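Each value in this text was obtained by applying a stated rule to the coordinates, not by laboratory testing. Owing to the predicted nature of the structure, the values given are computational and were not obtained by experimental measurement.
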Amino acid sequence: MILEHLFVQDYRNLIQADLDFSHRLNCFVGHNGMGKTNLLDAIYYLSFCRSSINPSDSQTVRHGAECFQIQGTYSMPSGERTVIGCMSRPQGRKQFRRDRKEYSRFSDHIGYIPAVMLSPQDSELISGGSEERRRFMDIVISQYDQEYLKDLIDYNKALTQRNVLLRSESGPDAELFLMWEMIMTEKGMRIHAKRRQLVERLALLFDDMYSRIGESHEKVSLNYRSHASQGDLAAMLESGRAKERIVGYSLHGIHRDELEMCLGGYPIKREGSQGQNKSFLTALKLAQYSLLAESCGKRPILLMDDIFDKLDAGRVERILRIVAQEPGFGQVFITDVDRNHIDRILEGIGTDHKVFTIENGNVI
């Protein structure tokens, strides 16, 4: 899958951009704050119907503008072209279209244009709470399994209703508890099975990619922990009601799952340096890319923001050779602040590429 053309208007600080891309490697160069990351984010938006940076669409409209528009023209594996477009106003309804036909549910679009983004925000996968790592698993699986996303939505609705019951001042309604817990158990066990399968597949790809980037002397691992692996989930939910009415929320279920990330047998959250963390996350995202390419039947678009930060030159060159030269990878977008730096690396790689300079929200 290739993003051939991108039109962006009034998205974050971007005034207007109308760009044709290389089918392999595309570089956005400019000083910090000029709009490089915003271009990557606009491409991300066309895959996920939302920004990777701002949770609210109202924060993505350029100051003083009435709305933002993004449109991408893609070449699909079948050879056909498709156009994905979005327009959103701060106080209005967002419109998201495929070939001029508007989606009734944004979730129906997830997975149609698979993408993987590596950015400085990924540090939260290591330093943040378990919800960040569950979100990572959910984003990966949802791109190749529509039923997973539906189960996740249903599970979260049931969880919300069960928590309402737990906080209710009136006596517990056993039948209502049982109804929501049956949904949590049914959907939760399916979610658990798919998360476990994901981690098993991802761990093998990740270990290989980490050693190839240049940390072969260090042992890394991914481990999945879940209440659903510890026994009868329905029984746990039922037996926990009394205690959970005291705290006011559900203590058991797949919403408490954890993806353990380890370096040398210990949590990388405690052990890793900045460089080790960056290598760990880069290898994880490249492993995610390979897994999605296998599962979706499409090569995802790879977005790499600020890839050069905290990594030595040799490691950066190895990473770029992997993503720009190996046949398993497709179209790549990266950002950098130094044009001379990127030119030296690209000259050594020799891959088809385009370089775009961003200044004050304009591509020049």
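Quick look at the numbers
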item	result
Using distinct alpha-carbon pairs, which all enter the 1/r mean, Kirkwood radius of the chain in Å	22.0
Cα radius of gyration and Dmax for the range 1-93 (Å)	13.3, 41
Sequence-separation-based contact order of the chain, relative, with Cα cut under 8 Å and 6+ spacing, percent	26
Mean Cα-pair separation over length for the range 96-158, i.e. relative contact order, pairs under 8 Å, 6 or more apart, %	32
Prolate/oblate/rounded call for the range 79-219, Cα gyration tensor, a/c under 1.5 rounded	oblate
Values of log10 I(q)/I(0), in the order q = 0.21, 0.23 Å⁻¹, for the range 33-134 under a Debye, Cα-only, solvent-free model	-1.21, -1.34
Fraction of antiparallel bridges per DSSP, the chain only, in percent to nearest 5	70
Relative counts (whole %) of C-alpha pair distances in the range 126-296, using bins that are 10 Å wide	9, 34, 29, 18, 8, 1
Inter-part distance where the range 39-91 and the range 292-364 are each reduced to a Cα centre, Å	21
Taking the range 126-296 and dividing mean pair separation by its residue count, relative contact order in percent (alpha carbons under 8 Å, at least six apart)	31
Cα gyration tensor shape of the range 264-364, rounded if a/c is under 1.5, else prolate or oblate by comparing a/b with b/c	oblate
